[in-house]
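First up is the structure itself, then whatever we jot down about it.
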Amino acid sequence: MIIDCHGHYTTAPKALENWRNQQIAAINNPSQMPRTSDLKIGDDELRETIEKNQLAKMHERGLDLTIFSPRASFMAHHIGDFQISSAWAAICNELCYRISQLFPDNFAGAAMLPQSPNVPIESCIPELEKCIGEYGFVGINLNPDPSGGHWTAPPLSDRYWYPLYEKMIEWNIPAMIHVSTSCNHCFHTTGAHYINADTTAFMQLLTSDLFKDFPDLKFVIPHGGGAAPYHWGRYRGLAQTLGKPLLQEHLLKNIFFDTCVYHQPGIDLLTKVIPIDNVLFASEMIGAVRGIDPETGFAFDDTKRYIEAANLSQADREKIYQGNARKVYPRLDELLKKQGR
């Protein structure tokens, strides 16, 4: 199998965006707030958006299953209050659940949390439990900066996050650390804010002893880990200066990186610097980078081509393609075994 651990529902029907725009417009005029029941999207609409987009590309590229979550840039946790985020997360998660039911062999859900700035993280737990317990999702996305580029939240090592981590351990799920859109004009959303967040999250974890409190906690840092693999010597040196253990012991039992790196040298570096056991295949297809690379003639986000061309053994490719994902996402492994895979 080839498991893509990083997919978003970026092709949802236009009705979803229209509903969200009405919700945002009604923040200062509650009498105009749309109801959840106002959103009407039929199964045929969902099938069409997937069959002509994500599923078509999966078949074309030889991918079997995608861990599928709501569109990251649409999470926009900085907009409105917790009630706004709660309603929006519930709608988006339900659509991903319906996709996982319509295409059970090809998609498994990961939940968007209803985060909101300056709101206790405990408020997200009911949605997490619904998505894992009722929808059968296999993971969650965790936004370390719900302020949208202003970084007002505590670092991921802070006890503010502990109730969520306790639930992650209880439900045996990992979190992909993934910010949403940037409302800070200094930071382009996908070109700067996403990569900044990956790097910032890694450094927050490096400077802490979080995994002493939660030795079984697992995070996936997307987009190849931001700057971490590229500056691995810097981080090894900083850890040494701070009196931390070697990164292999300090972080790599708990932190994993995906392959959303859109050129061959980047993948070559990632798979050379980071132990293969810590690399999960991903493409984030139909995401931030959707064009054709003029140097290769292939889509930037066709990441399987990079793995195939990398200097890897077949055993290493097998770990990247499915073995590591099944370990990091044990609920996915259980689901696949029930399906006979």
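The values are calculated or read from the model by the stated rules, or taken from the named source; none is laboratory data. Everything quoted here is computed from the prediction, not taken from an experiment. Heads up, the Cβs are rebuilt from the backbone with ideal geometry, glycines too, and the neighbour counts pull from every protein chain shown. Heads up: the accessible areas ignore ligands, DNA and RNA and are worked out on the full protein's heavy atoms, side chains in. Shrake-Rupley method; radii C 1.70, N 1.55, O 1.52, S 1.80 Å.
Before moving on, here are some points about what is shown:
- Cross-chain or 6+ apart pairs with Cβ under 9 Å, the stretch 267-292 first and closer than 11 Å to Ile307 by Cα, then aliphatic (A, V, I, L, M) and open to solvent by 30 Å² or more (accessible area, probe 1.4 Å): Ile267/Ala309; Asp268/Ala309
- Qualifying positions in the stretch 290-303 - under 23 Å from the mean Cα position of the chain (by Cα) and open to solvent by less than 50 Å² (accessible area, probe 1.4 Å): Gly291, Ala299, Asp301, Asp302, Thr303
- Matching residues, the stretch 113-136, being charged (D, E, K, R) and within 20 Å of Ser69 (Cα to Cα): Glu127, Glu129, Lys130, Glu134
- Candidates are the residues of the stretch 306-319 that are touching a residue at least 24 places away in the same chain (Cβ under 8 Å) and more than 21 Å from the chain's Cα centre (by Cα); the one that is least open to solvent (accessible area, probe 1.4 Å) is Ala310.
- Residue match in the stretch 42-60 (condition: among the hydrophobic types (A, V, I, L, M, F, W, C), open to solvent by 20 Å² or more (accessible area, probe 1.4 Å) and touching a residue at least 24 places away in the same chain (Cβ under 8 Å)): no
- Taking each residue of the stretch 8-33 that is under 13 Å from Asp81 (Cα atoms) and looking for partners that are of a type in the set (A, V, I, L, M, F, W, C) and outside any helix (DSSP H, G or I) with beta-carbon atoms closer than 9 Å, six or more apart or interchain, yields Gln23/Met33; Gln23/Ile79; Ile24/Ala76; Ile24/Ile79; Ala26/Met33; Ile27/Met33; Ile27/Ile79.
- Complete set of residues in the stretch 277-302 that are closer than 25 Å to Ala325 by Cβ, not in a loop (DSSP other than H, G, I, E, B) and not acidic (Asp, Glu): Asn278, Val279, Leu280, Ala299
- As a summary of the residue check, Ile99 satisfies the conditions (1) open to solvent by less than 40 Å² (accessible area, probe 1.4 Å); (2) over 18 Å from the mean Cα position of the chain (by Cα); (3) hydrophobic (A, V, I, L, M, F, W, C) except for the one numbered (2).
- Test: residue in the stretch 23-41 that is touching a Pro at 6+ places or on another chain (Cβ under 8 Å), in a helix (DSSP H, G or I) and more than 21 Å from Leu113 (Cα to Cα): no
- If you go through the stretch 116-127 and keep only what is within 26 Å of Thr199 (Cβ to Cβ) and in contact with a helix residue (DSSP H, G or I) (Cβ under 6 Å, 6 or more places away or on another chain), you end up with Ser116, Val119, Ile121.
- Pairs with Cβ under 6 Å, 6+ apart, first in the stretch 113-136 and free of Cβ contacts under 8 Å to residues at least 60 places away in the same chain and within 18 Å of Met176 (Cβ to Cβ), second among the aromatic types (Phe, Trp, Tyr) and open to solvent by less than 50 Å² (accessible area, probe 1.4 Å): Ile121/Trp161; Cys131/Phe137
- Consider the stretch 234-263 and keep the residues that are open to solvent by less than 50 Å² (accessible area, probe 1.4 Å), of a type outside the set (Val, Ile, Thr) and farther than 26 Å from Tyr165 by Cα. The one that is modelled with the highest pLDDT is Gly237.
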